[in-house]
Amino acid sequence: MGPEALLETPARPGSRGSRRAGRTLGTLRVLDFGAVSPVRSQSLWHALACGVGRGSPAALALCRPAQPYVSLGYHRPLADLDLGTCRRRGLPVLRRLVGGGTVYLDPRQLFFQVVVPPDAVPAARSQAVAELLGPARAAFEAAGLPADFDQGELAVAGRKVCGHGAGLVGGAVVVVGNLLERFDAAAAAGVLWAPDAESRRRLAGRMAECVGPDPTWPVDAQAFAEGLVSAYAEAFGVTPEPGGLTPFEERVARRFDRLLGSPAFLCGPGGQSETQLTERRRAEIWTVKVRAGVVEARVVLDSTVLRAALVGGRLRDVVVEDPEGDQDPGVATALEGVTEGSPALEALARGGPSAARAAAAAARLLARARGGGE
Amino acid sequence: MSEDDAVAGPTDDGQLVRVEGFLVRLDLAYEPDGHLWVAPPDGSTGNVRIGLDPLGVETTGTVAHLVVGSVGTRVRRGEPLGSLEAEKFVGPLVAPLTGVIRAVNPALATPRQVVEDPYGTWVAEVLPEAWEEESAQLVRGADRLPAWFADEVRRFRLEGVLAQ
């Protein structure tokens, strides 16, 4: 079973068969798998998608991983990861057939998956994702997290509380998400490749600020699960029907068990993982998207190292390290809040060599951000 | 806007017209479901270049990743030529023709280029196996393309995929 064969048509808005036919869903299968192994927490819903793609009714599934692991979005390079750390910590690494980033997953995250036929959702990707993720908002509220959509993500007070991804798998549209009951920022930052310890420290701090509920917020996972079922049943206008996988889906799940962590599949659709790893380590700009609109970055230009967060296109928490320069703290201060094309960049560029290098590094980072580099 | 207004006159080179706000090249063929453009076979190699048309780009959303199969891979019309991710949604890029992938545009490492220059950024070169037969299923011809494209834009607007 090649992965490309699983990304079946229809693919993009307007693709054959993807036009919205106003189809109503006759029923909603509800499958609560409980705590399962890392690979099962992925293979079960991949198989479910293949079943729905073959004509089974729409489905809502729930599970949580019994152990921590790492999951790569379909297109993310293996070079995102510090594989040595993953190995040392015994973390399985799996690739999924839906989009999104490279993420650390653990038992404090409750996964949910919504699987529907393609003609049950709008043709446009963003609309399909929003429509399928929308009902989850009520479940987050029931869990004690009054989330709203913020730049396409469910967030509370600027903190992302739900990771998500989507795709066409086995002929069905799938949206996956998770309730982050608690988010282990240090562990999540630790599995990602970073150019130095300081970059990883800053990344962990940024994640702690922006991802997962505040540790003081109570989160009720049981209420979330119950709210999820009722919210989707109401949104689809159907009665939920608890059940399990069909024999066909069971067989397909076993095939996904073998596929998702296999070396060839882990290399990704573009392959060249070694090349990507080398390029990433040599790149002058390192970035990690922490959440929508928030990126942690490091830029090396000649001898200058610029560390910064990009928040809504503005530089934040800027640190400039220049062993050959005069280490003027005013340079970092001048770069705070700067956006692309800002006069402050030009002013610094006309300053001394150290300030000019820092300004050039900042300009490169801001240009990269405009280009959607992360 | 009347139907006549919706289809503007040719631009400088006579091969490019503006239809409902989108540029349409009249010298290309179009896969109507996937909104891919297909250039006629190159005279010396026989290869055809394939790309996303501006309406395909607009309705896809912000393209984060676009990956085409390896050179030498045989693809069949209607089956995946590669994969595309936008808005965290992954789906296949559907082959408009049957043939063998001869080249993949290295510019795809920066998918933004497809968005900024849909006609200038080809995705793949394919040596077609059945050009005459399969190209008949594509939309082409300067007399037909503007009206077809305008209908497509109106359909997407009605479906809410495009803003009115």
Handout entry: Residue, nearest to residue A:72 (Cα to Cα), within the stretch A:38-60, restricted to residues that are part of a helix (DSSP H, G or I) and polar (S, T, N, Q)
Key = A:42
Handout entry: Pair list, Cβ under 9 Å, 6 or more apart: the stretch B:44-57 residue free of Cβ contacts under 8 Å to residues at least 40 places away in the same chain, other residue surrounded by fewer than 22 Cβ atoms within 10 Å (Cβ to Cβ)
Key = none
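Can you say whether residue A:344 is under 33 Å from the mean Cα position of the chain (by Cα) and either surrounded by fewer than 17 Cβ atoms within 10 Å (Cβ to Cβ) or not basic (Lys, Arg) (or both), as far as the supplied structure shows?
So residue A:344 does not fit the description; no.
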Handout entry: Residue satisfying condition, being at pLDDT below 95 and within 18 Å of residue B:30 (Cβ to Cβ), within set B:55, B:97
Key = B:55
Practice task
Could you check, for the stretch A:138-146, whether at least one of its residues is without any contact (Cβ under 8 Å) to a residue 40 or more places away in the chain, closer than 15 Å to residue A:175 by Cβ and either surrounded by fewer than 19 Cβ atoms within 10 Å (Cβ to Cβ) or touching a strand residue (DSSP E or B) at 6+ places or on another chain (Cβ under 8 Å) (or both)?
Solution key: no
Practice task
Might you check whether a residue that is facing another protein chain (nearest Cβ under 9 Å) and in contact with a Lys or Arg (Cβ under 8 Å, 6 or more places away or on another chain) occurs anywhere in the stretch B:68-81?
Solution key: yes
Practice task
Can you confirm whether the stretch A:66-84 contains a residue that is touching a His at 6+ places or on another chain (Cβ under 7 Å), within 14 Å of chain B (Cβ to nearest Cβ) and not in a helix (DSSP H, G or I)?
Solution key: yes
Exercise for the section: Considering (1) closer than 28 Å to residue A:61 by Cβ; (2) out of contact with any Leu (no Cβ under 7 Å at 6 or more places or on another chain); (3) surrounded by fewer than 20 Cβ atoms within 10 Å (Cβ to Cβ), say which one residue A:290 fails and leave the rest. Expected result: (3)
Exercise for the section: Look at residue A:138 and say whether it is assigned to a helix (DSSP H, G or I) and assigned by TED's automatic domain parsing to the domain that holds residue A:75. Expected result: yes
Exercise for the section: Having 3 or more residues that are within 23 Å of residue A:77 (Cβ to Cβ) is the bar; report the strands (runs of 3 or more DSSP E) wholly within the stretch A:281-374 that clear it. Expected result: A:285-291, A:294-301, A:304-311
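Any residue that is farther than 30 Å from residue B:70 by Cα and touching a residue at least 60 places away in the same chain (Cβ under 8 Å) - is there at least one of those in the stretch A:258-281?
No: zero hits.
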Practice task
For the stretch B:80-99, state whether one or more residues are part of a loop (DSSP other than H, G, I, E, B), within 30 Å of residue B:147 (Cα to Cα) and polar (S, T, N, Q).
Solution key: yes
Problem - In the stretch A:185-207, the residues that are of a type in the set (D, E, K, R) and crowded, with 20+ Cβ neighbours inside 10 Å - result: A:200, A:202, A:206
Completion exercise
Within the stretch B:88-107, of all residues that are in contact with a helix residue (DSSP H, G or I) (Cβ under 6 Å, 6 or more places away or on another chain) and surrounded by 22 or more Cβ atoms within 10 Å (Cβ to Cβ), the one farthest from residue B:121 (Cα to Cα) is B:89
Exercise for the section: Say whether the condition of being closer than 22 Å to residue A:153 by Cα, hydroxyl-bearing (Ser, Thr, Tyr) and not in a helix (DSSP H, G or I) is met by at least one residue in the stretch A:210-231. Expected result: yes
Exercise for the section: Residue by residue through the stretch A:113-155, note down the ones that are more than 14 Å from every other protein chain (Cβ to nearest Cβ) and at positive phi. Expected result: A:144
Exercise for the section: Tally the residues that are more than 7 Å from every other protein chain (Cβ to nearest Cβ), among the aliphatic types (A, V, I, L, M) and under 17 Å from residue B:126 (Cα atoms), restricting the search to the stretch B:47-67. Expected result: 4
Handout entry: Exclusive hit being modelled with pLDDT of 95 or more and in the same structural domain as residue A:210 (by TED's automatic domain parsing), set A:166, A:128, A:124
Key = A:166
Handout entry: Residue that is farthest from residue A:270 (Cα to Cα) [pool: residues in the stretch B:86-104 that are without any contact (Cβ under 8 Å) to a residue 40 or more places away in the chain and at the interface with another protein chain (Cβ under 7 Å from one of its Cβ atoms)]
Key = B:87
Handout entry: Subset of the stretch A:20-57 that is modelled with pLDDT under 95 and touching a Lys or Arg at 6+ places or on another chain (Cβ under 8 Å) - its residue that is nearest to the other protein chains (Cβ to nearest Cβ)
Key = A:56
Exercise for the section: Consider residue A:271 carefully, then state whether it is assigned by TED's automatic domain parsing to the domain that holds residue A:79, under 23 Å from the mean Cα position of the chain (by Cα) and more than 29 Å from residue A:209 (Cβ to Cβ). Expected result: no
Problem - Meets criteria (without any contact (Cβ under 8 Å) to a residue 60 or more places away in the chain, in contact with a strand residue (DSSP E or B) (Cβ under 7 Å, 6 or more places away or on another chain) and under 22 Å from residue A:101 (Cα atoms)) for residue A:205 - result: no
Practice task
Can you tell me which residue within the stretch A:94-109, out of those that are over 19 Å from residue A:290 (Cα atoms) and out of contact with any Lys or Arg (no Cβ under 9 Å at 6 or more places or on another chain), is surrounded by the fewest Cβ atoms within 10 Å (Cβ to Cβ)?
Solution key: A:94
Completion exercise
Filtering the stretch A:307-326 down to residues that are among the small types (Gly, Ala, Ser) and either surrounded by 20 or more Cβ atoms within 10 Å (Cβ to Cβ) or in contact with a Leu (Cβ under 6 Å, 6 or more places away or on another chain) (or both) yields A:308, A:309
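The values are calculated or read from the model by the stated rules, or taken from the named source; none is laboratory data. Since we're looking at a predicted model, the values are computed, not measured. For neighbour counting, all protein chains shown are included, and Cβ atoms are generated from backbone atoms with ideal geometry for every residue, glycine included.
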